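Step one of this worksheet: look at the structure below.
The values are calculated or read from the model by the stated rules, or taken from the named source; none is laboratory data. Fair warning: this is a prediction, and the values are worked out from it, not measured in the lab. Here the Cβ is made from the backbone with ideal geometry for all residues, glycine too, and neighbour counts use every protein chain on show. Ligands, DNA and RNA are excluded from the accessible area calculation, which covers all protein heavy atoms including side chains. Shrake-Rupley method; radii C 1.70, N 1.55, O 1.52, S 1.80 Å.
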Amino acid sequence: MTGRSVPLKNKVIETLDDAIFQAQNFLISRQHKDGHWVFELEADATIPAEYILLEHFLDRIDEDLEQKIGVYLRRIQGDHGGWPLYYDGKFDISASVKAYFALKAIGDNCDAPHMKRAREAILSHGGAETANVFTRFQMALFGEVPWCATPAMPVELMLMPKQALFSVWNMSYWSRTVIAPLVVLAALKPKAINPKNVHIQELFLTPPDKIKKWIKGPFRSQWGYLFKYLDQVVRPAEKFIPQRLRQMAIDKAMEFVDLRLNGENGLGAIYPAMANAVMAYRALNVKDDDPRASIAWASVQKLIVISDKEAYCQPCVSPIWDTALTGHAIIEAVSGVRAHHREATLNKLSKGLDWLKYRQILDVKGDWAINCPNLAPGGWAFQYENDYYPDVDDTAVVGMLLNRQGNPDYQESIERARQWIIGMQSSNGGWGAFDIDNNKMLLNHIPFSDHGALLDPPTADVTARCVSFLSQLGHDEDKPIIDKALYFLRAEQEKSGAWFGRWGTNYIYGTWSVLCALNAADIDRKDPMICKAVEWLISVQREDGGWGEGEESYEEGVQGQYHQSLPSQTAWALLGLMAAGQHQHLAVQRGIAWLISQQDEEGQWDEDPYNAVGFPRVFYLRYHGYRQFFPLFALARYRNLQSSNTGKIEVGF
């Protein structure tokens, strides 16, 4: 497993140092004045399209902005005529229906070539009637389909205690925040103002009012058939719900929303929840200048990215995550005997660490506390502010960075984070991102959950990060916690030797994450778990020396493969191999050479394909910062290991 190695020549060393210095300088140039970093976070056509439809629902149309979003939507249309869920992906019916609807609302002529191609593609794939649940809700709001096209989601769900299976408290944070305002809309059944009277009946093979069965499957299990029958029972029964009870449930739902509005950062700090909140206020006749409605609308506006010719709406923003990961790359770059501009760069980084420190959530017990009411808060969120929804992944990454920097002023923050992460461990030893034991898997079979992502169960990548953090801190009393997590990770390893990546694409991401954790936890490098992972990573290296993995791997595609090498995934593979003690392996040297060869004169890397996932098979992401800070991290780690006496990485990440 050690592989062949060759000594580094002076020219290679010089080139490596130059590449690190250029990348380091580029990232420093992107730092905001207050110390933080944030890069664009791009999804697919659905969010920009939904934003346009939101403007038409409200009749709050910004013509100039919509024209720019139109340019974006037309550019990302696929060769198949429709819109994919990720770069160069296959046709997706739901994304295509929304994008077509949005472009028609903007004013695109239905007979224009791109609209004709889209319409033909949609019809050839079964028509708009085959779109997913969220798309059918969107169409119901515009009167394009009857409300019976959507699954029964009584607003009375908001009154159910956690002990009830269908309680929102048994769902993930993102589901909870999306559902609360959505069930209000489903109860009130408002209709969009739609000032331009735009409709899309031409996208249906069967007129919507003639369709009798909207919930058709395919179902993931026999439970799907049972829940379909339950849906048929619940819908007609809703008319017998007393009006007083219904109003009580609406009030409860809006109380939930009001409490978590989160200022200009929005409900849940994610677009779908924020947009639903805006529409719910309008449906309840709350005036636009009401502070709640006003701030909800402002939160949506903050997600818009506008350039000279294009614009799009982000699903959320990622400043905590971006700042922490950039910080890890930079602190690695200024470590070791060959570092450049160490003191000046550390001074700039310290500003970013202070920015992070003051965004730790210390006085709000969020939704997570329903499972552990006595646990003190101490986490970080993903976004600028999201006090009800910190996550252990961000918290672990920030905690490791603060600990590595060594400033005693951060010790209390680190300890609060440690205690919170320990308290958030699930009973099987793993960690979910936002909640404990969020694993009532039956809920993923209800008709509403056709996306299969209603829950937030423990995953290998998040668990690995928590193990890395706790192991880096090195408290003896945490060993039982870590051992339980290691048992979980061992059980989660795939037959191939890889680990699944829930939040990054995909098996390369998951395997890198776990190998870092195993190194931090001092697992013997000869352990079969590590050996299999190393062998797998080396086996999927591409001929050019890099690594790549497509989102297709979430859709029964081959693990760890893509038709081109990508900077972020090459960096993950390298970091994983180096964590496993393979820094002298020829595969690592070839990967380093590939990264250097792909860097441009400004110290940047290009990467168009998507590199992360919101919900596998349904919603994918492109972090624009990944292609910058992860390659720097890998190059700097490699350089530092060349002058290491032990060849062991002494930190968790």
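Quick notes
- Residue in segment 169-189 that is free of Cβ contacts under 8 Å to residues at least 24 places away in the same chain, out of contact with any Lys or Arg (no Cβ under 6 Å at 6 or more places or on another chain) and over 17 Å from Asp450 (Cα atoms) present: no
- In segment 447-470, the residues that are on the phi > 0 side of the Ramachandran plot and in contact (Cβ under 8 Å) with a residue 60 or more places away in the chain reach residues that are in a loop (DSSP other than H, G, I, E, B) and surrounded by fewer than 24 Cβ atoms within 10 Å (Cβ to Cβ) with C-beta atoms within less than 8 angstrom, at least six apart or across chains, in these pairs: Gly452/Arg220; Gly452/Pro616; Gly452/Arg617; Gly452/Val618.
- Filter pass, Glu601 being open to solvent by less than 40 Å² (accessible area, probe 1.4 Å) and assigned to a loop (DSSP other than H, G, I, E, B): no
- Scanning segment 88-107 for residues being open to solvent by 20 Å² or more (accessible area, probe 1.4 Å) and either charged (D, E, K, R) or at pLDDT below 95 (or both) gives a total of 4.
- Residue that is in contact (Cβ under 8 Å) with a residue 60 or more places away in the chain, assigned to a helix (DSSP H, G or I) and closer than 30 Å to Lys348 by Cβ, where the choices are Ile122, Ile28: Ile28
- Number of the condition not met by Gly548 [criteria: (1) outside any helix (DSSP H, G or I); (2) out of contact with any Pro (no Cβ under 8 Å at 6 or more places or on another chain)]: (2)
- Taking the criterion of being assigned to a helix (DSSP H, G or I), closer than 30 Å to Asn197 by Cβ and open to solvent by 10 Å² or more (accessible area, probe 1.4 Å), the residues of segment 142-162 that qualify are Trp147, Cys148.
- Among the conditions (1) in contact (Cβ under 8 Å) with a residue 40 or more places away in the chain; (2) surrounded by 19 or more Cβ atoms within 10 Å (Cβ to Cβ); (3) of a type outside the set (Ser, Thr, Tyr), the only one that Met274 does not satisfy is (1).
- Tabulated pairs, segment 43-54, first part of a helix (DSSP H, G or I), second of a type in the set (D, E, K, R), C-beta under 6 angstrom, 6+ apart or interchain: Thr46/Lys98; Ala49/Lys98; Ile52/Glu66
- Residue satisfying condition, being at pLDDT 95 or above and open to solvent by less than 40 Å² (accessible area, probe 1.4 Å), within set Arg622, Arg542, Arg590: Arg622
- Qualifying residue in segment 344-359 (condition: surrounded by fewer than 17 Cβ atoms within 10 Å (Cβ to Cβ), touching a residue at least 12 places away in the same chain (Cβ under 8 Å) and not in a helix (DSSP H, G or I)): no
- Contacts under 9 angstrom Cβ, first residue in segment 193-209 being within 17 Å of Arg136 (Cβ to Cβ) and acidic (Asp, Glu), partner part of a loop (DSSP other than H, G, I, E, B) and open to solvent by less than 20 Å² (accessible area, probe 1.4 Å), 6 or more apart: Asp209/Val145
- Selection over segment 67-83 of residues that are farther than 16 Å from Glu42 by Cα and crowded, with 19+ Cβ neighbours inside 10 Å gives a count of 3.
- Restricting Ala396, Ala376, Ala369 to those that are among the small types (Gly, Ala, Ser) and in a loop (DSSP other than H, G, I, E, B) reduces the list to Ala376.
- Test: residue in segment 459-482 that is buried (at least 23 other Cβ atoms within 10 Å of the Cβ), charged (D, E, K, R) and in a helix (DSSP H, G or I): yes
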